[in-house]
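> I have a structure here, written as structure tokens, and I will follow up with some questions on it.
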Amino acid sequence: MSYKLGEVILSRDTIARRVKELASEIVADNGTDNGLVVVGILTGASFFLTDLVRELPEELDARIDFMSVASYGDGTKTSGVVRIFHDLKSSIEGKNVIIVEDIVDTGLTLSHLLDILKSRKPASLKVCVLLDKYERRQTEVKVDYCGFRIPDKFVVGYGLDCAGKWRHLKDIKYVVEE
Ligand code: IMP
């Protein structure tokens, strides 16, 4: 089966506006007195993370770290058992941590990742996702900050890929069968 790009679901301007709002929400909740470790999940969330952190105020001590994970599965379904390819460089014990993810779908990956990071005893652990395909959720996962709720259709761009393709698009678009 081959795929092509479909309509724009979220334009670059809409994304940029929402990213600013999310940064304000994060600062309103967490203040600027305590530091924040922003954990990006590679590769998809890297675009969103770099835009988000640049909207945080200078006085906030924000540190950035990345993890690369993949969930075991049969190729079409995620099992939620996460394998870590690249782990955090620094300890998060006693730190205020926010996980930044591109999209939450079944919720299995994020839920397993939360278990892993919780066991490392951060002072607080929150989740910020750009997109939420809420109709597909299989396990409850607490999303503290969400950019957009979207329908159950495959999307690409702004970090999101389809078999490695189309991550670099500035807008988020639907993918359709050719
Ligand atoms: P889940 O929540 O464990 O099902 O998995 C979330 C992961 O599925 C995300 O990190 C993405 O890599 C991938 N994913 C789910 N829906 C899409 C989509 O529409 N476009 C691109 N990747 C997606």
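The values are calculated or read from the model by the stated rules, or taken from the named source; none is laboratory data. What you are looking at is a predicted structure, and each value in this text was computed from that prediction instead of being measured. Glycine gets a Cβ as well: all are built from the backbone with ideal geometry, and neighbour counts include every protein chain shown.
> Can you work out which of the residues in the range 109-129 that are near the ligand (Cβ under 10 Å from one of its atoms) and either surrounded by 22 or more Cβ atoms within 10 Å (Cβ to Cβ) or in a loop (DSSP other than H, G, I, E, B) (or both) is modelled with the highest pLDDT?
So the residue we want is VAL129.
> State whether one or more residues within the range 95-108 are aliphatic (A, V, I, L, M), more than 13 Å from the ligand (Cβ to nearest atom), at pLDDT 90 or above and farther than 20 Å from CYS146 by Cβ.
no
> Filter the range 130-146 down to residues that are part of a strand (DSSP E or B) and among the aliphatic types (A, V, I, L, M) and give me whichever is surrounded by the most Cβ atoms within 10 Å (Cβ to Cβ).
LEU130
> Going residue by residue through the range 77-92, is there one that turns out to be near the ligand (Cβ under 9 Å from one of its atoms), on the phi > 0 side of the Ramachandran plot and touching a strand residue (DSSP E or B) at 6+ places or on another chain (Cβ under 8 Å)?
yes
> While we're on this one: Taking the range 152-178 only, how many residues are touching a Lys or Arg at 6+ places or on another chain (Cβ under 8 Å) and either near the ligand (Cβ under 10 Å from one of its atoms) or within 17 Å of THR43 (Cβ to Cβ) (or both)?
Of the residues in the range 152-178, 12 are touching a Lys or Arg at 6+ places or on another chain (Cβ under 8 Å) and either near the ligand (Cβ under 10 Å from one of its atoms) or within 17 Å of THR43 (Cβ to Cβ) (or both).
> I want to confirm something. Restricting to the range 36-64 and keeping residues that are surrounded by 15 or more Cβ atoms within 10 Å (Cβ to Cβ) and over 24 Å from GLY157 (Cβ atoms), which single residue is farthest from the ligand (Cβ to nearest atom)?
LEU60
> Please name all residue pairs, on different chains or six or more residues apart, with Cβ atoms under 8 Å, provided the first residue is in the range 133-158 and is free of Cβ contacts under 8 Å to residues at least 60 places away in the same chain and under 16 Å from LEU113 (Cα atoms) and the second residue is hydroxyl-bearing (Ser, Thr, Tyr) and within 10 Å of the ligand (Cβ to nearest atom).
If the second residue must be hydroxyl-bearing (Ser, Thr, Tyr) and within 10 Å of the ligand (Cβ to nearest atom), the pairs left are ARG137/THR106; GLN138/THR106; THR139/THR106; THR139/SER111; GLU140/SER111; VAL141/SER111.
> Another question about this same structure. For the range 45-76, enumerate the residues that are acidic (Asp, Glu), within 24 Å of LEU169 (Cβ to Cβ) and modelled with pLDDT under 95.
None; the set is empty.
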